[in-house]
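Trainee: Before we start, here is the structure in question, set down as structure tokens.
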Amino acid sequence: MVAFADYLDLRVAVAEHVGNRNISDVMPRLVQMAESTLNQKLRHREQITSDTLTFTAGVSLLPADFLEMINVFGLYGAAMRAGSLADVNRSGSEYSRYAIDGSDILIYGVSGDRDITYFAKIPTLTTSVSTTNWLLASYPSVYLYAVGLEAAKFLRDMELAQATQGLLAQALNDMKVDDDRARWANATVRIQMVTP
């Protein structure tokens, strides 16, 4: 059983954490502020997603939930490298370079589809009281302390905010350790050059 079944459970837990049940009217804003902060800090395996973008004259709109690019795959499936706008806006770069410009991705002169892998934003919980997502299900303490920190700041309780910030830091560290173990526990180092 998960610690919090949904957004409603989280709201109750945050109210209990800060000792004030009168924050329910501002709870959606507090959750969105916490999610915004977490989107800036987190890069977790659960955020990795793929999409196919359609380019017209070298430009495509990035997905709405885009945070950070992992890979852009060229015509023959080779991973492309990020470059500056100046570097990408020259002939020949369409085979090796891409650039992010605001909410667009640019590949010189390309029209057609290209596959990408990227880190996606955390799906928000504020759409309904029964909403849940991967972060709430797998790492409920991260959500509790992130929203609890925003609630403590809202209530101007700096002592609680400081204590909650420490709890959030520990929860984020535990989450990172779990992610590193899942992704790299059986990894090996392979030297890609001639060795003596």
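The rows are residues; the columns are (1) in the same structural domain as residue 111 (by TED's automatic domain parsing); (2) within 16 Å of residue 135 (Cα to Cα); (3) touching a Lys or Arg at 6+ places or on another chain (Cβ under 8 Å); (4) part of a loop (DSSP other than H, G, I, E, B).
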position	(1), (2), (3), (4)
13	no, yes, no, no
28	no, no, no, no
33	no, yes, no, no
69	yes, no, no, no
76	yes, no, no, yes
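Trainee: Okay, moving on. Yes or no: residue 90 outside the structural domain of residue 164 (by TED's automatic domain parsing), of a type in the set (Lys, Arg) and at pLDDT below 90? Lay out the reasoning, then the answer.
Mentor: Details: outside the structural domain of residue 164 (by TED's automatic domain parsing): yes; of a type in the set (Lys, Arg): yes; at pLDDT below 90: yes.
Taking the combined requirement at face value, the residue satisfies it.
Trainee: Confirm whether residue 49 is within 20 Å of the chain's Cα centre (by Cα), polar (S, T, N, Q) and either part of a strand (DSSP E or B) or more than 17 Å from residue 98 (Cβ to Cβ) (or both). Even if it seems obvious, please write down each step before you answer.
Mentor: Details: within 20 Å of the chain's Cα centre (by Cα): yes; polar (S, T, N, Q): yes; either part of a strand (DSSP E or B) or more than 17 Å from residue 98 (Cβ to Cβ) (or both): yes.
Yes.
Trainee: Just need a number here: residues in the stretch 101-139 that are crowded, with 17+ Cβ neighbours inside 10 Å and in a strand (DSSP E or B).
Mentor: Residues meeting the conditions: 7.
Trainee: Just to be sure, is residue 161 touching a residue at least 12 places away in the same chain (Cβ under 8 Å) and more than 20 Å from residue 9 (Cα to Cα)?
Mentor: Details: touching a residue at least 12 places away in the same chain (Cβ under 8 Å): yes; more than 20 Å from residue 9 (Cα to Cα): yes.
It is true that residue 161 is touching a residue at least 12 places away in the same chain (Cβ under 8 Å) and more than 20 Å from residue 9 (Cα to Cα).
Trainee: Restricting attention to the stretch 54-67, and to residues there that are of a type in the set (A, V, I, L, M, F, W, C) and assigned to a strand (DSSP E or B), which single residue is farthest from residue 113 (Cα to Cα)?
Mentor: For the stretch 54-67, the residue satisfying everything is 67.
The values are calculated or read from the model by the stated rules, or taken from the named source; none is laboratory data. Since we're looking at a predicted model, the values are computed, not measured. When we count neighbours, we look across all protein chains shown, and the Cβ atoms used for this are built from the backbone with ideal geometry, even at glycine.
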